[in-house]
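Novice: Sharing a structure with you now.
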Ligand code: IVH
């Protein structure tokens with residue numbers, strides 16, 4: 001008996017701790033303990049409850065795993081209708097809303113209305129009914145008058161309290177708010193679906209709706225749903241506060257999560273500023289929103305204003321430009337980029353999306369085209385969010401009749417006719433035309449002239465395009481033979497600017513080896529790699545003659561980059577261009593080659609394995625700074641293996657090959673002696 005009593009007590013303590021931590025997490029966004037600790041408490045409670053099943057209550061935090069599947073959802077009549085919102089799409093419509101309110105309330109034109117401002121979440125509306133502080137029902141909005149009883153599913157959403165905390169709540173309290181799926185959870189859910197070869201959800205809202213209307217609550221329990229409260233339904237005591245914002249505070253006190261972005265603003269001008277501020281945060285928020293909502297803050301005024309048809313006169317949604325819209329695919333074409341990447345692009349019937357008119361959307365690569373099965377003539381959802389390039393999300397009517405065949409990758413470059421290569425296992429197809437391909441030529445020249453490369457002032461993108469289109473320049477070397485006459489003959493080019501450009505060209509001839517290397521536009525050779533190559537080899541000749549192994553001794557250069565460098569210098573026409581450039585007078589000061597003096601570990605190949613007392617990256621950079629090359633696998637060429645705790649197969653291999661193995665102390669000695677050296 002004593003044991004059962006103490007179990008009952010412990011169960012109570014655990015529940016109140018778990019409820020507290022749940023509130024800290026969902027309501028205050030300020031967790032005090034790590035997830036594992038929460039899980040430990042939950043497990044302890046689960047164990048106790050399984051030993052004492054009589055102690056289980058419906059509100060226990062363990063009771064969120066999901067009940068048995070249902071055959072269908074029962075209908076629920078809403079005690080008070082669940083209204084929707086009128087929309088405003090620009091400042092004028094917003095100002096009209098404010099003006100209408102003042103007129104209706106017979107206030108002067110100067111009177112200011114205080115608003116409660118909040119994000120408009122992109123999920124679905126939910127009505128939660130609490131009786132005596134316990135969650136008794138969750139219902140969807142349905143047609144506003146009748147919705148579906150989704151209580152079993154709602155109980156699995158951790159952000160929704162099964163019982164209210166604090167005090168002072170009325171016997172009957174209906175809370176309204178939005179169920180949504182945070183973006184991270186949505187991405188993870190879709191990734192799992194893809195891995196399992198299942199259908200993915202188009203966006204977080206559909207995923208949230210699909211999850212809430214799932215007949216098996218155990219599945220809903222696995223979906224990352226969340227909830228913010230934004231309003232009230234039936235309340236037995238009539239009213240819980242005088243203003244919208246005070247109501248929200250009370251809900252928060254009772255353990256219901258409300259958006260941290262809720263704000264009371266003084267007038268309609270402040271509403272506009274709020275809208276702008278939220279627009280800017282939109283892409284960084286962890287969940288989708290599609291606008292902001294303004295509500296007259298004083299409930300007394302809300303009551304006077306009332307509702308027309310199904311929307312209140314006291315609230316409005318100021319919508320962001322849609323990020324997803326429908327349009328038609330007019331054709332699918334292939335674009336060739338600077339590095340020769342051949343990308344399928346959907347040419348679209350122009351649409352306004354994400355605030356701009358879009359007529360092209362990337363399809364990334366052929367695998368994506370196949371996965372989404374996009375074809376000419378399809379109706380598609382196009383998405384443009386923030387600064388992200390527009391993309392085709394999915395096809396709306398894949399079952400339509402007489403759909404054309406799926407596009408296939410062309411064999412030849414649409415620009416220069418060279419062969420297109422698509423190495424096995426790589427997603428990207430490439431034109432092999434290199435500097436010959438006009439598509440790549442323009443881009444290669446823009447890159448060549450750019451600030452971090454040859455830094456040719458005045459040779460901007462537009463000018464490069466003109467020069468290539470008029471065939472005055474075909475390769476980087478041609479830039480240096482342009483005459484004043486040729487240049488001043490160009491559109492929008494006065495003699496003065498032509499002369500300036502010639503001076504800039506002359507000046508750019510005095511460059512540095514790293515800049516020159518970077519300017520060549522070798523795949524995956526960025527500034528840092530160009531710098532490392534220059535320091536490692538000292539001269540351009542040495543780099544051109546290096547083999548794969550020697551190249552890989554350079555910091556930053558792994559097998560793939562080494563292959564790109566080799567492939568570049570293997571092309572005669574590339575070597576011709578380099579020779580021509582040198583012929584035109586490009587030069588650079590000799591590079592001080594890193595010597596063994598400066599780099600005591602130069603050329604040493606080191607493998608790090610096992611658990612060490614410091615992060616591996618830290619050790620790696622220290623060794624690299626001394627000239628060592630860190631690789632991932634042990635071979636005959638490895639000079640040292642640094643082995644920490646629990647080092648496995650790499651250590652055994654090193655033993656077999658007789659390669660010196662250093663432990664943590666050995667590593668310290670190596671670093672120390674190298675520095676002293
Ligand atoms: S208030 C009486 N506030 O938008 C006003 N709705 O278009 C009722 N929504 O069905 C709604 N965030 O699902 C309100 N902060 C917010 C909202 C919000 C999202 C949804 C809600 C509603 C729809 C109306």
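Novice: For a footprinting-style exposure proxy, rank 388, 76 by other Cβ within 10 Å, fewest first. Please list the in-between numbers first.
Specialist: Values: 388 11, 76 20.
Fewest to most other Cβ atoms nearby, the residues stand as 388, 76.
Novice: Let me make sure I get this right: for the stretch 6-97, a, b and c are the square roots of the gyration tensor eigenvalues over alpha carbons, sorted descending. Under 1.5 in a/c it's rounded, otherwise prolate if a/b > b/c, else oblate. Which is it?
Specialist: oblate
Novice: So how tilted is helix 572-583 from the main axis of the chain? Cα-based, degrees 0 to 90, rounded to 10.
Specialist: Here the helix axis deviates by roughly 70 degrees.
Novice: While we're looking at this one, here's another question. Let me make sure I get this right: for the stretch 94-231, a, b and c are the square roots of the gyration tensor eigenvalues over alpha carbons, sorted descending. Under 1.5 in a/c it's rounded, otherwise prolate if a/b > b/c, else oblate. Which is it?
Specialist: oblate
Novice: Next question. How many angstrom separate the Cα center of the stretch 187-241 from the Cα center of the stretch 255-272?
Specialist: 24 Å
Novice: Let me ask another. Per 0.36 nm of contour for each residue apart, how much would the distance between residue 419 and residue 614 grow if the chain were fully extended, relative to their Cα-Cα spacing? Please list the in-between numbers first.
Specialist: On the way: separation 195, 0.36 × 195 = 70.20 nm, distance 4.92 nm.
That pair, residue 419 and residue 614, stretches by 65.3 nm at full extension.
Novice: Could you work out how far the C-alpha centroid of the stretch 547-578 sits from that of the stretch 496-530, in angstrom?
Specialist: For the stretch 547-578 versus the stretch 496-530, the Cα centre distance is 19 Å.
Novice: Something else: With each run of n ≥ 4 DSSP H residues scored as -39500 (n - 2.57), what mean residue ellipticity at 222 nm is computed for the chain after dividing by its residue count and rounding to the nearest 500 deg cm²/dmol?
Specialist: Here the helix-only value at 222 nm equals -11000 deg cm²/dmol.
Novice: Give me 181, 454 sorted ascending by neighbouring Cβ count inside 10 Å, so fewest comes first.
Specialist: Fewest-to-most Cβ neighbours within 10 Å comes out as 454, 181.
Novice: Rounded to two decimals, what ratio of Rg to Rh does the chain give with C-alpha atoms and a Kirkwood Rh?
Specialist: The Rg/Rh ratio comes out at 1.06.
Novice: Can you put 490, 505 in order of Cβ neighbours within 10 angstrom, beginning with the fewest? Kindly include the intermediate steps, with their values, before the conclusion.
Specialist: Working: 490 17, 505 21.
Placing the least packed residue first, the sequence is 490, 505.
Novice: Follow-up. On a 0 to 90 degree scale, rounded to 10, what angle separates helix 35-51 from the longest Cα axis of the chain?
Specialist: Between the helix axis and the principal axis of the chain, the angle is about 40 degrees.
Novice: Taking the Cα atoms only, what angle lies between the long axis of helix 183-195 and the longest principal axis of the chain, rounded to 10 degrees?
Specialist: Helix 183-195 and the main axis of the chain meet at about 70 degrees.
Novice: Right, something else. So if we plug the beta-carbon distance of residue 379 and residue 137 into 1/(1 + (r/R0)^6) with R0 = 30 Å, what FRET efficiency do we get, rounded to 0.05? Could the numbers behind the result be given before it?
Specialist: On the way: r = 39 Å, r/R0 = 1.30.
It comes to 0.15.
Novice: Please sort 49-59, 515-525 by packing, taking for each peptide the average over its residues of neighbouring beta carbons within 10 angstrom, highest first.
Specialist: In descending order of packing, they fall as 515-525, 49-59.
Novice: A follow-up question, please. Using 0.36 nm per residue, how much length does the chain from residue 502 to residue 184 gain when fully extended, once their Cα-Cα distance is taken away?
Specialist: Details: separation 318, 0.36 × 318 = 114.48 nm, distance 5.23 nm.
Difference between extended and current length: 109.3 nm.
Novice: Label the stretch 523-611 by shape, choosing from rounded, prolate and oblate, from the square roots a ≥ b ≥ c of the eigenvalues of the Cα gyration tensor; if a/c is under 1.5 it is rounded, and otherwise prolate applies when a/b is larger than b/c, oblate when it is not. Provide the component values of the computation, followed by the final result.
Specialist: Numbers: a/c = 2.63, a/b = 1.55, b/c = 1.70.
It is oblate, given that a/c is not under 1.5 and a/b is not larger than b/c.
Each reported figure results from applying straightforward, stated rules to the coordinates on display, with no laboratory input. Quantities reported herein were computed from a predicted structural model and do not represent experimental measurements. Please note: Cβ atoms are built from the backbone with ideal geometry, for glycine as well, and neighbour counts cover all protein chains shown.
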